[in-house]
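*Asks:* Below you'll find the structure I mean.
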Amino acid sequence: MEEDESQPPHGHITSLAVLRTHRKRGIATMLMRRSQVEMATVFGAHFVSLHVRKSNRAAFHLYTETLKYAINDVEKGYYADGEDAYDMRCTFPHNNKNDLESIVQNLSVMKLENKASA
């Protein structure tokens, strides 16, 4: 959780990686959704933020299409090599407990689907 008191409580994802041989199994999606549920329910977070390289199409697709993140800003030269980053945010359905429970249920369904395909 970020501790900037000028903003509502929120989380920040610093890094997420899945071993290349284990990709396309929904692991990153499950990790992200579970962390989002915990941030919202345990810490009362209103949103979560992260940075993604503009050139990382796979991560950008995961965040925008699957996890419904939106671009908040573009950080010029964010990375050491000078590449720009998208500053992205996912706002939680903070006042709607049913939406959070729906995310948890989706996690359970994804676990079952992954076990069946393994």
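The values are calculated or read from the model by the stated rules, or taken from the named source; none is laboratory data. All values derive from a computational prediction rather than experimental measurement. Counting neighbours? That spans all protein chains shown, and the Cβs are built from the backbone with ideal geometry, glycine included. Accessible surface is based on the protein model in full, side chains and every heavy atom, while ligands, DNA and RNA are left aside. Shrake-Rupley method; radii C 1.70, N 1.55, O 1.52, S 1.80 Å.
*Asks:* Can you name every residue in the stretch 11-36 that is touching a residue at least 60 places away in the same chain (Cβ under 8 Å) and touching a Phe, Trp or Tyr at 6+ places or on another chain (Cβ under 9 Å)?
*Replies:* Gln36
*Asks:* How many of the residues making up the stretch 23-56 are assigned to a strand (DSSP E or B) and of a type in the set (Phe, Trp, Tyr)? Even if it seems obvious, please write down each step before you answer.
*Replies:* Taking the stretch 23-56 as the starting set, the residues that turn out to be assigned to a strand (DSSP E or B) are 47-53.
Okay, now just the ones that are also of a type in the set (Phe, Trp, Tyr), so 47.
Count: 1.
*Asks:* Considering only the stretch 57-84, state which residues are part of a loop (DSSP other than H, G, I, E, B), modelled with pLDDT of 95 or more and under 17 Å from the mean Cα position of the chain (by Cα).
*Replies:* Applying the first criterion (part of a loop (DSSP other than H, G, I, E, B)) to the stretch 57-84 yields 67-69, 76-84.
This time we only want the ones that are modelled with pLDDT of 95 or more, so: 69, 76-84.
Correct list: Tyr69 only.
*Asks:* Considering (1) at pLDDT 90 or above; (2) more than 16 Å from the chain's Cα centre (by Cα); (3) of a type outside the set (Asp, Glu), say which one Ile27 fails and leave the rest.
*Replies:* Unmet for Ile27, out of (1) at pLDDT 90 or above; (2) more than 16 Å from the chain's Cα centre (by Cα); (3) of a type outside the set (Asp, Glu): (2).
*Asks:* Related question: Condition first: modelled with pLDDT under 95 and over 16 Å from Leu31 (Cβ atoms). Can you find one or more residues in the stretch 85-92 that meet it?
*Replies:* yes
*Asks:* Sticking with this structure for a sec: Hey, could you check the stretch 39-57 for residues that are among the aliphatic types (A, V, I, L, M) and free of Cβ contacts under 8 Å to residues at least 60 places away in the same chain and say which is nearest to Tyr79 (Cα to Cα)? Break it down stepwise before answering.
*Replies:* So the first thing to find is which residues in the stretch 39-57 are among the aliphatic types (A, V, I, L, M), and the list is 39-40, 42, 45, 48, 50, 52.
From the residues that got through so far, the ones that are free of Cβ contacts under 8 Å to residues at least 60 places away in the same chain too are 39, 42, 45, 48, 50, 52.
On the way: Met39: 26, Val42: 31, Ala45: 26, Val48: 20, Leu50: 13, Val52: 10 Å.
Only one residue tops the list, namely Val52.
*Asks:* Which residues, counting only those in the stretch 8-40, are among the polar types (S, T, N, Q) and open to solvent by 70 Å² or more (accessible area, probe 1.4 Å)? Full working, then the answer.
*Replies:* Step one: list which residues in the stretch 8-40 are among the polar types (S, T, N, Q), which gives 14-15, 21, 29, 35-36.
If the condition is that a residue be among the polar types (S, T, N, Q) and open to solvent by 70 Å² or more (accessible area, probe 1.4 Å), then Thr14, Ser15, Thr21 are the ones that fit.
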